[in-house]
Amino acid sequence: MPCLLVVDDEQGVRESLRMLFKGDCEVATAASVAEAREFLQQTKPDLILLDLVMPGASGLELLAELSEQVDPPPVAVLTATKTIATAVEAMRHGALDYITKPFEVEALRIKVHQLLDHRALEAEVVWLRAEVDDRERLGNLLGQSLVMKHLFHTITRVAASHTTVLIRGESGTGKELVAKAIHDLSDRSDQAMVTVNCAAIPDNLIESELFGHERGAFTDAKDRRIGKFEAASGGTLFLDEIGELGFGVQAKLLRALQEHQIDRVGGSETIGVDVRVVTATNRDLETDVAEGRFRADLFYRINVVPIEVPPLIERRDDIRTLAEHFLAQSSSRAGRDPAKLARETISALESYPWPGNVRELENAIEHAVALAEGDVLLPDDLPPAIVRGSGVEVLRDSIRSGQLGFDEAVSDFERTILTEALERADWNQTRAAEKLRITRRSLKLKMDRHKITPPT
Ligand SMILES: Nc1ncnc2c1ncn2[C@@H]1O[C@H](COP(=O)(O)OP(=O)(O)OP(=O)(O)O)[C@@H](O)[C@H]1O
Ligand SMILES: [Mg+2]
């Protein structure tokens with residue numbers, strides 16, 4: 001458990017902070033700078049919350065002393081709103097952050113967790129970064145685009161901490177794989193990851209699904225049943241589609257997250273649970289909060305570390321790698337030798353907008369493998385919407401929108417037709433020329449002009 005030192009001359013502040021972080025941190029308190037110095041000689045806390053104005057030595061003095069040390073513990077200063085100028089001064093002296101009094105409990109909790117995580121992460125990050133940098137996958141997540149590498153970093157860092165995570169992204173972007181990667185890279189990986197799809201369970205059953213129920217708690221409760229929270233004990237609970245959770249259960253979930261305690265439905269004892277909760281949604285939760293469908297306090301609690309999985313259209317560099325991966329998978333499932341992607345197929349895939357993201361790509365490849373006759377996947381093997389949404393349609397759109405001029409568009413179109421014909425003819429130029437009803441010589445000239453060469 002991280003160690004938090006609270007330095008404040010007001011007993012009320014010390015006590016309320018102790019209560020607030022009980023269970024999450026080991027909380028030590030000091031009523032003066034002198035007491036703090038004494039404590040610091042014995043122990044190095046992970047974070048100090050430091051009041052500035054105190055009788056005797058001031059917080060700023062302690063801050064100055066700390067800044068002389070090698071690798072001092074991080075400090076966040078506590079300050080009344082009216083002395084905010086002093087807080088700024090403190091930041092200049094090396095304080096990491098400041099917190100104004102009176103504090104908004106939830107905001108304070110989040111801030112402290114962020115500061116603590118920041119601390120825990122820094123140490124891990126240094127060597128993990130080196131590991132991740134030249135990898136093209138993290139667990140089952142493939143990606144070589146910059147945005148994905150960035151995501152791999154975030155996942156690795158977050159996995160090392162214990163905070164609640166909210167994974168956001170459009171449908172089919174890989175949120176579930178991200179959740180799995182977080183679990184697999186965490187120190188809970190030897191325990192289970194239990195998944196609950198909040199959208200799939202009717203409102204009246206979800207509470208018992210999450211927290212369990214005692215025998216006779218309701219009509220169908222023939223036996224006592226433990227819920228997913230208890231089932232995930234020691235491990236990770238993945239709450240997918242959290243935005244679909246009913247308002248009533250949201251309050252109970254908040255309690256479980258905050259106090260690490262649950263009540264079974266119809267039960268009388270409170271049960272402590274040690275669970276790391278990872279959530280995901282493709283909804284715009286801010287809007288749900290604004291419109292009263294999602295509790296603001298729960299939102300803040302789960303949104304401590306938000307992870308954004310980018311839509312496929314923002315990482316075109318990954319399309320080919322992903323397509324080849326799915327191709328190998330589908331081929332082996334179909335008991336065939338892995339097929340190859342024709343060059344035109346790749347460009348069709350790369351120019352399609354993929355509203356259904358990686359899942360749509362996976363399905364498209366599966367479709368193509370089922371239809372393909374040879375061992376090369378041609379654009380025509382893809383679902384029609386994709387071919388239509390790329391190639392000629394895209395050209396036409398680019399002309400309409402003024403992105404391409406007439407000459408460029410015609411030239412692009414020529415190039416597409418030639419390459420496609422060559423691919424179909426297995427790069428036999430005589431056969432391709434026949435199909436196009438031009439001479440072989442004319443084909444060769446055009447190929448030169450467009451710099452079209454057979455794949456090597
Ligand atoms: N980066 C990736 N590398 C390899 N496979 C991926 C990647 N991203 C997604 N997939 C695959 O795409 C499919 C969809 O991914 P996943 O189920 O994780 O999406 P999701 O974001 O949870 O979607 P939804 O919001 O619809 O639940 C899965 O089969 C998954 O294995
Ligand atoms: Mg999902």
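No lab work stands behind these numbers, since they all come straight from the coordinates. Quick caveat, the model's predicted, so the values are computed rather than measured. Neighbour counts run over all protein chains shown; Cβ positions are idealised from the backbone, glycine included.
In this structure, the residue pairs whose Cα-Cα separation is over 30 Å, taken from K222/K252; K101/K180; K44/K228, are K101/K180; K44/K228. Our summary of shape: the Cα atoms of region 134-220 have principal axis extents of 56, 28, 19 Å, ordered from largest down, in whole angstrom. With R₀ fixed at 41 Å, the C-beta to C-beta distance from K444 to S332 puts the FRET efficiency at about 0.60.
Relative to the Cα centre, the charge distribution of region 3-113, modelled as +1 at Lys and Arg Cβ and -1 at Asp and Glu Cβ, gives a dipole magnitude of about 220 debye.
May I ask you to list the residues of region 43-59 whose amide nitrogen lies under 18 Å from a point 7 Å from Cα along the Cα→beta-carbon direction of M91? Once the point is set 7 Å along Cα→Cβ of M91, 48-53 turn out to lie under 18 Å by backbone N, inside region 43-59. Here the Debye sum runs over all C-alpha atoms of region 27-117 as equal scatterers in vacuum, and log10 of I(q)/I(0) at q = 0.21, 0.25 Å⁻¹ comes out as -1.09, -1.52. Taken as Cα centroids, region 181-226 and region 35-114 sit 41 Å apart, rounded to the nearest whole angstrom.
Backbone geometry of region 226-237 corresponds, through the Karplus equation with coefficients 6.51, -1.76 and 1.60 at θ = phi - 60°, to 3J(HN,Hα) couplings of 7, x, 5, 4, 5, 5, 8, 3, x, x, 10, 10 Hz, x marking Gly and Pro. Once the Cβ-Cβ distance between I313 and D274 is put in as r, and R0 is 30 Å, what FRET efficiency do you end up with, to the nearest 0.05? Once the sixth-power term is evaluated, E becomes 0.15.
Residues whose amide H falls under 5 Å from that of V273, counting only those 5 or more places apart or on a different chain, are Q261, I262, with hydrogens built in the peptide plane.
Which of the three applies to region 149-195, rounded, prolate or oblate, going by the alpha-carbon gyration tensor with a ≥ b ≥ c and a/c under 1.5 meaning rounded? Note, shape of region 149-195 comes out oblate. Axis angle, to the nearest 10 degrees, between helix 33-42 and the longest C-alpha principal axis of the chain: 60 degrees. Each residue of region 217-225 is assigned a 3J(HN,Hα), and the resulting list reads 5, 8, 3, 8, 7, 6, 9, 5, 9 Hz, derived from the Karplus form 6.51 cos²θ - 1.76 cosθ + 1.60 (θ = phi - 60°), x at Gly and Pro.
Using the Karplus relation 6.51 cos²θ - 1.76 cosθ + 1.60 with θ = phi - 60°, the per-residue 3J(HN,Hα) values for region 330-346 come to 5, 4, 5, 5, 7, x, 10, 5, x, 7, 10, 8, 5, 4, 5, 5, 4 Hz, with x marking Gly and Pro. When exposed loop sites are taken as GluC sites (Glu not before Pro) in a DSSP loop with at most 10 other Cβ atoms within 10 Å, the longest stretch of the chain clear of them is 1-268. Shape analysis of the chain based on the Cα gyration tensor places the equivalent ellipsoid semi-axes at 55, 29, 19 Å, largest first. Under a model in which nothing but the beta-carbon of Lys, Arg (+1) and Asp, Glu (-1) is charged, region 1-53 shows a dipole of about 140 debye around its Cα centre. Taking the DSSP bridge list for the chain and keeping only pairs wholly inside it, about 15 percent are antiparallel.
For region 314-449, taking Cα atoms only, Rg and Dmax work out to 15.9, 47 Å respectively.
Under a model in which nothing but the beta-carbon of Lys, Arg (+1) and Asp, Glu (-1) is charged, the chain shows a dipole of about 1480 debye around its Cα centre. Close amide H pairs (under 5 Å, H built 1.01 Å from N) link A28 with L4, L5, V6, residues at least 5 positions away or on another chain. Considering only L177, I262, G246, the residue lying farthest towards the positive end of the dipole of region 135-310 is L177, judged by Cα position with unit charges set on Cβ.
Estimated from helices alone, the mean residue ellipticity of the chain at 222 nm is -15000 deg cm²/dmol (sum of -39500 (n - 2.57) over DSSP H runs with n ≥ 4, per residue). The Cα atoms of region 135-310 cover 54, 40, 25 Å along the three principal axes, with the biggest extent listed first.
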